[in-house]
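The values are calculated or read from the model by the stated rules, or taken from the named source; none is laboratory data. Treat the numbers as computed from the prediction; the structure is a model and nothing was measured. All Cβ positions, glycine included, derive from the backbone under ideal geometry; neighbour counts span all protein chains shown. Heavy atoms of the whole protein, side chains included, go into the accessibility calculation; ligands, DNA and RNA do not. Shrake-Rupley method; radii C 1.70, N 1.55, O 1.52, S 1.80 Å.
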Amino acid sequence: MKHLKLLTLASVVPIIMLSGITYANQKNENELVSDTSSLNSQRLIEPCILSSDEAQPSNLEIIPIDDCDGGGGGGGGGGPYRAPSTPSNLTYLPYTNGTSMKVSWDRSNGYGYPVQYKLYESKNNGPWTLVYSGYSNQKTLTGKTQSKVRYRVMAYNTNHDSPFRYGSNSIIKPFNDTNLYDKYGSVLTNIDQKNANYKSTATSFKSDRLRAKNVGQTTGATTDNNGRFFLGDGYDLIRGALKETCLNVEHNDFEVTQHAPILPTQFGVTYINNNNQLAQELNVSGSGKIGFSGDDFSLGLSGEKDRFVKSAKDETHVRFVVKFVRPAAFFKLRTPTDAIYPELVSNVLSPNDDEAKADFRERCGDQFISNVHQGAALYMVFSFDSKKYSYEERENAKAELGLKIGDFFSVSGSGGSSSSLQETIDRLQVSFTADQVGGPAGLAASIDSSTNISYIGERFNQFVQDTNPSNWAAINFTTANYQRPTVYNAYSHAEIFADYRGTQGPLAQMKRWLDISVQHKERCDPWTEYGQSTPTSCGTSQAEISIAMDTCRDTREWQNCSHPLNYSTGSLTNTSPGTNLYSWLTDNVKSLNSATAANDYHHHVHKGSKQVNDLTCLPSNQCFTNIHRGSGPGIGKGFFYTHGYYDNPRGGSREYRNSPKHCAKTSVFLKTGSGWFSDTTADWWYSIDVEGVCPEAEAFTIVP
């Protein structure tokens, strides 16, 4: 039995003293790497000590003596006798417009010994370079520049290396954060101070939207991302981010007034037909969905995006939204005729100057926030996966769940039977999420799919009853166009401000890409739910869609912001440069559509034997059976077996399996009896109905 010892301070001291011991590395001669570390020629291993900045594996509390005494094996054994398992689930974003990349992987099995990892990076298809070595199973790499990268990871112990786990190509294309303070330092600094004076006395509005930071800003506490905004703040329509206040807050005609809410209280239970309707019911703006399929520099800026992402599903999911929105107060901004700070007009804005327009938009956004409703809102989404149901069963389950949810909730609190709804939730395996804006803090966070429905009803009642002015938040706001300064009355709006408007402008193109992004999720997510590997084209297309979106986010790249039908990939791409992305998406990111196959079989043997291997297959070898469907021997295999007649005197047992994955294979060895008084026939009569899905090329829908 292997001796174990618990690491204590006393046991660590001699290990530190032995840290000069090196171990021979069994290097794979086939690996050609550019390694800036000496770890490939010899490893300096301290297997029982972790550096303070690494996550400590839980299995290191008790360590084999073999690995803590110089590899002696507790009497000459030699330490680890086998390599750790290959790390799995190497994960990183297919695209980022930031300057960092987080890479993570699952821990390897060390078979009783500590495991360390080596992470390598290949940049622009170049050599592999070591970028991390240690015990942690994740690493955030910073200071990244524009490039195409790929990662691989291996596990190792004192004696052995595991094989490498390889990832796919990823694109890093940092967003250009322009430092406007280098160009307009004194002007912007003075405005920051005016804004700080205004915001020290003005009413602020709590929101799930955070403010985009301005590079170089040092004065005016307006970029602390504290989730609050003020009337008059700028707003970036495409990125969904708050900008600085650019209106002249010192003008006498700049005034904020409070009124009774102009919107009624809303309550309802709504069945969701598609993700666009879901966004509408969750009060998600267009910009809230931007970056849906990939990394986004404003990722997390808006809680509404999180609401949407958690509940966006493919069409096989049945969803109901329970929504309660109570507007409590309405605030309105009145602005002067010349609304913009005069120094911005004279120093930044310049007619027909694209660079000046971009600078103004970067500082002030496309519009300013003119009105806001305060109050509270609670959103709950009930969902179940209908892949295991026939169409008729799905419709019946949908009707049952919708009826019981509607009976249970009311604007004044829960009313129906909790036990009846709970039974339906349990039987249909309904999951639910909850989000709130304002209202008693923490109620939505206490609700998840493990929560009893009675508890949810109590939390709903508490939210309705305990919403008050102390916990109001901004449940919605409206924006208005910046007014042309009177000195530029001779020019049109588009000649003064960046023109995001129109059916062919960047905002319209972004909405089209947004819808494609949502469709992309609907096509790529279900693969894993059917027990299949997600196609590599899904990761590649995530990157390509995000790059196309970024051309519409950045004012300075608007010349490349194109209609999806006209957009071609650039030089930094996972596909070939110059490829029409829309056509590529249609051909490579396929939709999973339902498919069926059925056969009747009648096998008969008279005085002899027969090997039966029946294949009932879906239309293509690209299809696969629905593991959520089936009955009898076909449960979990996607087929329904109907027994007719079986008589097999001296044959073998029947077998039922998926082989290949798009087929139901039914096998048996039929053999009759022999002799005067034995059964001289063998029979097997049955029918098979196979249900599954097939990936089919379908054009993505483009919104008008």
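Structure values in brief
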quantity: Mean separation of Cα contacts under 8 Å (6+ apart) over length of the stretch 589-704, as relative contact order %; calculated: 41 percent
quantity: Solvent-accessible heavy-atom area per residue, rounded to whole Å², over the stretch 585-700 at 1.4 Å; calculated: 50 Å²
quantity: Heavy atoms of LEU141 accessible to a 1.4 Å probe, total area in Å² rounded to 10; calculated: 20 Å²
quantity: Whole-angstrom gap from the stretch 343-408 to the stretch 165-194, using each part's C-alpha centre; calculated: 25 Å
quantity: Debye log10 I(q)/I(0) at q = 0.17 Å⁻¹ for the stretch 622-679, Cα point scatterers; calculated: -0.63
quantity: Linear extension gain, ALA699 paired with ASN560, 0.36 nm per residue minus alpha-carbon span; calculated: 47.8 nm
quantity: Rounded accessible area of HIS606 (nearest 10 Å², 1.4 Å probe); calculated: 110 Å²
quantity: Quotient of C-alpha Rg and 2.2 N^0.38 Å, computed over the stretch 436-518; calculated: 1.88
quantity: Over 26 Å (Cα to Cα) - which of LYS139/LYS173; LYS206/LYS404; LYS511/LYS590 fall in this group; calculated: LYS206/LYS404
quantity: Convex hull volume per residue in cubic angstrom - Cα atoms of the stretch 113-220; calculated: 182 Å³
quantity: Sequence ranges 689-698, 570-579, ranked by mean other-Cβ count within 10 angstrom, highest first; calculated: 689-698, 570-579
quantity: Amide hydrogen neighbours beyond the local backbone of SER410, cut-off 5 Å, H modeled; calculated: GLY415
quantity: Evaluated over the stretch 300-404, the Cα radius of gyration and Dmax, each in Å; calculated: 23.4, 67
quantity: Separation of alpha-carbon centers, the stretch 116-161 and the stretch 639-668, rounded to whole Å; calculated: 49 Å
quantity: Solvent-accessible area of THR503 with every protein chain in place, 1.4 Å probe, in Å² to the nearest 10; calculated: 100 Å²
quantity: Within the stretch 177-281, GluC sites (Glu not before Pro) in DSSP loop having at most 14 other beta-carbon neighbours inside 10 Å; calculated: GLU250
quantity: Peptide ranges 441-447, 431-437 listed from the most packed, as the mean C-beta count within 10 angstrom indicates; calculated: 431-437, 441-447
quantity: Aspartates and glutamates whose Cα lies under 20 Å from that of LYS610, excluding same-chain neighbours fewer than 8 positions away; calculated: ASP600, ASP647, GLU655, ASP679, ASP683
quantity: Violating pairs (Cα-Cα greater than 18 angstrom) within the set LYS213/LYS243; LYS313/LYS387; LYS521/LYS661; calculated: LYS521/LYS661
quantity: Normalised alpha carbon radius of gyration of the stretch 556-610 [divisor 2.2 N^0.38 Å]; calculated: 2.51
quantity: Overall dimensions of the stretch 324-460 as given by Cα atoms, namely Rg and Dmax in Å; calculated: 24.2, 68
quantity: Those lysines that a straight Cα-Cα span of less than 17 Å connects to LYS607, excepting residues fewer than 8 apart in one chain; calculated: LYS671
quantity: Rounded to whole Hz, the Karplus (6.51, -1.76, 1.60) HN-Hα couplings of the stretch 588-597, x for glycine and proline; calculated: 10, 10, 8, 8, 8, 10, 5, 8, 9, 8
quantity: Reference-scaled alpha-carbon Rg (2.2 N^0.38 Å with N residues) for the stretch 576-703; calculated: 1.49
quantity: List ASP515, ASP177, ASP354, ordered by accessible area with a 1.4 Å probe, largest first; calculated: ASP354, ASP177, ASP515
quantity: Computed label-point distance, nm, for sites THR642 and ASN252 using a 7 Å Cα→Cβ extension; calculated: 8.8 nm
quantity: Other-chain or far-sequence residues with amide H under 5 Å of ARG654's (modelled H); calculated: none
quantity: Sequence ranges 675-682, 517-524, 419-426, ranked by mean other-Cβ count within 10 angstrom, highest first; calculated: 517-524, 419-426, 675-682
quantity: Cα centroid of the stretch 571-627 to Cα centroid of the stretch 416-452, whole Å; calculated: 38 Å
quantity: 3J(HN,Hα) from dihedral phi, the stretch 126-143, Karplus parametrisation 6.51/-1.76/1.60, rounded to Hz, x for glycine, proline; calculated: x, x, 7, 10, 5, 10, 6, 9, x, 7, 5, 9, 7, 8, 9, 9, 10, x
